[in-house]
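Shown next, in structure tokens, is the structure this report addresses.
The values are calculated or read from the model by the stated rules, or taken from the named source; none is laboratory data. Bear in mind the structure is a predicted one, so any value in this text is a computation, not a measurement. Every residue, glycine among them, receives a Cβ derived from its backbone with ideal geometry; neighbour counts consider all protein chains shown.
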Amino acid sequence: MRKLYHWMMRTASSKGAPWALGTVSFIESSFFPIPPDVMLIPMVLSDRQKAWWYATIATVTSVIGGLLGYAIGYFAYEAIGKPILEFYGREHALDSFIQFVHEYGVPAIIIKGATPIPFKVVTIAAGVAKMDLLAFVGASIIARAMRFYLVAGLLYFFGQPIREFIERRLTFVTTTFVVVLVGGFVAVKYLL
């Protein structure tokens, strides 16, 4: 795993970096263990003018990869999805996540997709829950865009000094963002 991580870091500064970022973002959404941020962060720092382009690549390919994760959950949960969830220690939470998706729908995917929970867990569980595919895609676009554009934006505006903060506290940043987002949903629901 360490060798793979170091390969990704080296690749982030190569000409093929955008393709590698897209590939990593795609496979991370269905089975791969290392998040695209490992490549996104050094890529943005090496060329901050392309921050938004790199975030777009990560978002689009992550959503497309999420469709593979959804298909795994929908069509092949026992054979493929269950072992993946077991690898991440999340198989026990499947029933509660399915209930969460049935109860909240799109906001459930947005909340879970923007947090540090591996996105593949969200995509596979959404497939098992047989969530409406268009709603899933829309929610995935919002969740992944929030995550990748937040990282790209912080790096674009603050550069290298913010890198350590993102790498060590991305969980805090995304969780805070989700709390604000949920607070907004609650406020809209009960105040309007």
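Data table
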{"read-out": "Condition broken by V182, with the remaining ones in (1) modelled with pLDDT of 75 or more; (2) farther than 29 Å from R48 by Cβ; (3) surrounded by fewer than 18 Cβ atoms within 10 Å (Cβ to Cβ) satisfied", "value": "(1)"}
{"read-out": "Residue, nearest to S13 (Cα to Cα), within region 47-100, restricted to residues that are in contact with a Ser or Thr (Cβ under 6 Å, 6 or more places away or on another chain) and among the small types (G, A, S)", "value": "A58"}
{"read-out": "Scope region 67-114; condition at pLDDT 90 or above, surrounded by fewer than 17 Cβ atoms within 10 Å (Cβ to Cβ) and small (G, A, S); matching residues", "value": "A76, A79"}
{"read-out": "Filtered residues of region 1-17 (kept if surrounded by fewer than 19 Cβ atoms within 10 Å (Cβ to Cβ) and either at pLDDT 85 or above or assigned to a loop (DSSP other than H, G, I, E, B) (or both))", "value": "M1, S13, S14, K15, G16"}
{"read-out": "Members of region 62-110 found to be outside any helix (DSSP H, G or I) and of a type in the set (S, T, Y), listed by number", "value": "Y88"}
{"read-out": "Lone unmet requirement of (1) of a type outside the set (G, A, S); (2) at pLDDT below 85; (3) part of a helix (DSSP H, G or I) for I117", "value": "(3)"}
{"read-out": "Any hit, region 152-159, residues being at pLDDT below 90, out of contact with any Asp or Glu (no Cβ under 8 Å at 6 or more places or on another chain), not in a helix (DSSP H, G or I) and not aliphatic (A, V, I, L, M)", "value": "yes"}
{"read-out": "Residue list for region 42-66, filter: buried (at least 24 other Cβ atoms within 10 Å of the Cβ), in contact (Cβ under 8 Å) with a residue 60 or more places away in the chain and either within 20 Å of I141 (Cα to Cα) or within 14 Å of the chain's Cα centre (by Cα) (or both)", "value": "Y54, A55, A58, S62, V63, G66"}
{"read-out": "Candidates A125, A135, filtered to the one that is of a type outside the set (S, T, Y), in contact with a helix residue (DSSP H, G or I) (Cβ under 9 Å, 6 or more places away or on another chain) and crowded, with 19+ Cβ neighbours inside 10 Å", "value": "A125"}
{"read-out": "Hey, I84 among the β-branched types (V, I, T) and under 23 Å from T56 (Cβ atoms) or not", "value": "no"}
